[in-house]
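Let me begin by presenting the structure, written as structure tokens, before commenting on it.
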Amino acid sequence: MGLDFSIIPEYADLLLEGTLWTIALTVLAVFFSLAGGVIFAVAQLSRHAFVRWPFAGVAWLFMGTPLLLQLFLIYFGLVQIGLDLNAFTAGVIALSLHFAVYNSDIIKSAILAVDKGQHEASRSLGLGRLQAMRKIIVPQAIANVTPALGNMMIALLKESSLVSVIGVMELTLSAQRAISDSFRPFEFYIAAAVIYYVLNLGLEMAVRNAERRSARYR
Amino acid sequence: MSEPIVKIRGLKKNFGDLQVLKGIDMDIEPGHIVALIGASGSGKSTLLRTINQLEDVTDGQIWFDGDLVNKDLPHRAREKHLNQLRQNIGMVFQHFNLFPHLTALENVTLAPIMLGRMNKHEAVDQGHALLEKVGLGDRAGYFPSQLSGGQKQRVAIARSLAMKPKVMLFDEVTSALDPELVGEVNRVMKQLAQEHMTMIIVTHDLRFAEDVSDHVVFMADGYVVEAGTPGQVFRNPKEERTKAFLHQVFDE
């Protein structure tokens, strides 16, 4: 039995649905992981230990354990303590937290690398520490690490396939459904791979665009 | 004589074991231009930076406008007190420290808007006026990377002026500039002097100091060695160390 890609259009609706869920997962997780990354970074640079420690603890937890396990814990584990999340929400939360921790590491070192004179100039005008962070330091830090953050976001898009295991009908799971119906694994896995690749091309373009915009002042 | 706007008594500052300021007393009258001169390492920049508490002090007192600057307060209250204080003390740095991701105009409008001094419209109007005043009215939309050193420093001066400070601190503001760009910055400072802005200027440019200041303070080794009018200090120094310093500088 050779390869026959002509079967794919029959399952186009299913793959399209999967693609849209993957896009939804990724867009939400990119947003929350970047926002979370900034919050984790700033919190871990706080001068107060009672602010630093909880965030550092969560960061350790999420960096030191597999994403798959985190998905299980958030989806199946939290039910036991009465928090019944739907699979999509659990997937967004797990991806967001997991990547927020990686992003925060990148953003943290970028914040520390911003020239000390920027702090001094901000403070000399009467801005508070957090005001200076928000308007002066963080925007420059982010602009300096846009490429690195972009790579993380491309990884995020790919890792979103793990969410299939908790039953979110995203691209990988929809390909599996098509396979169990058609008994054509090779064709549909390749089709899914091509779609991931195309989505990543789009994401890469968005990252380049963000890079250009964030670096327009240089 | 009016009450000094900046009053310093017994000021000491250590960096670890290193004593940088060893007991400074100083009064700065409103509207006066004070030049702090001395060799590198004499403590003049550190002294300037203690006035707005970019450096905290080890011992002694600083008053600004009748208010004790280095009050002993809990952290949060101290931050609030310093933010309030710093809004009235402008500072210009050797390396400009302009915000590179903001345009010249945004650099000038950021603080007044963010700190609620004025609404956006007023801040923009004032920003254009200040850029005009420093001769950069046509550069409002430029980013710092598109400006020369002298232009950057003039934007930095405009940025400080936007908070309508009562005192301006200048920390070697022409030291990092190409020689041909020094004049344009000095001209802006002179113009401020003529408008009776109170200015404290740390400088290596002794001719400028003599030209613009009402009062010159010569520092060495963390002490004020000699202070007086430019005529006294430059033309008729009493202390040996002052004479030696002036000799060394003017012979070069």
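Rule-based calculations on the coordinates, nothing more; no lab input. Since the model is a prediction, treat every value here as computed from it, not as a measurement. Positions of Cβ are backbone-derived with ideal geometry, glycine not excepted, and every protein chain shown enters the neighbour counts.
For this structure, a couple of remarks:
- Region B:209-241 and region A:172-218: distance between their alpha carbon centers, rounded to Å: 71
- Under 16 Å from a label point set 7 Å out along the Cα-to-Cβ vector of residue A:76, the amide N atoms of region A:153-174 belong to A:162-168.
- Take every pair of alpha-carbon atoms less than 8 Å apart whose residues are at least six positions apart; their mean separation over the length of chain A yields a relative contact order of 30 percent.
- Net charge, residue B:83 excluded, C-beta distance under 10 Å - Lys, Arg +1, Asp, Glu -1: +4
- Across B:44/B:120; B:12/B:80; A:108/B:12, pairs whose alpha-carbon gap is larger than 32 Å: B:44/B:120; A:108/B:12
- For region B:125-252, the Cα-based Rg and Dmax, in that order, read 16.5, 52 Å.
- DSSP beta bridges in the protein assembly as shown [antiparallel fraction, %, rounded to 5]: 55
- Cut-off under 5 Å, modelled amide H: who pairs with residue B:6 long-range: B:28, B:65
- Local net charge near residue B:29, Cβ-Cβ under 14 Å (Lys/Arg +1, Asp/Glu -1): -2
- Centre separation in Å (Cα based) which lies between region B:74-131 and region A:15-50: 32
- Pairwise label distance in nanometres, residue A:47 with residue B:146, each label 7 Å out on the Cα-Cβ vector: 3.8
- Take every DSSP beta bridge whose two residues both sit in region B:96-251; close to 50 percent of them are antiparallel.
- Estimated dipole of region A:7-217 in Debye, rounded to 20 [Cβ of Lys and Arg +1, of Asp and Glu -1, Cα centre]: 1200
- Local electrostatic count, residue B:101, Cβ distance below 10 Å [Lys/Arg +1, Asp/Glu -1]: +2
- Electrostatic dipole magnitude of region B:59-199 [Cβ: Lys, Arg +1; Asp, Glu -1; Cα centre; debye, to 20]: 340
- Using alpha-carbon coordinates, inclination of helix B:104-114 to the longest axis of chain B, degrees: 90
- Cα long-axis angle, helix A:146-159 against chain A (0 to 90 degrees, to the nearest 10): 30
- Degrees separating the helix A:171-182 axis from the principal Cα axis of chain A, which is the longest one: 10
- A viscosity of 1.306 mPa s and a temperature of 10 °C, combined with the Kirkwood radius over Cα pairs in Stokes-Einstein, give a translational diffusion coefficient for chain A of 83 µm²/s.
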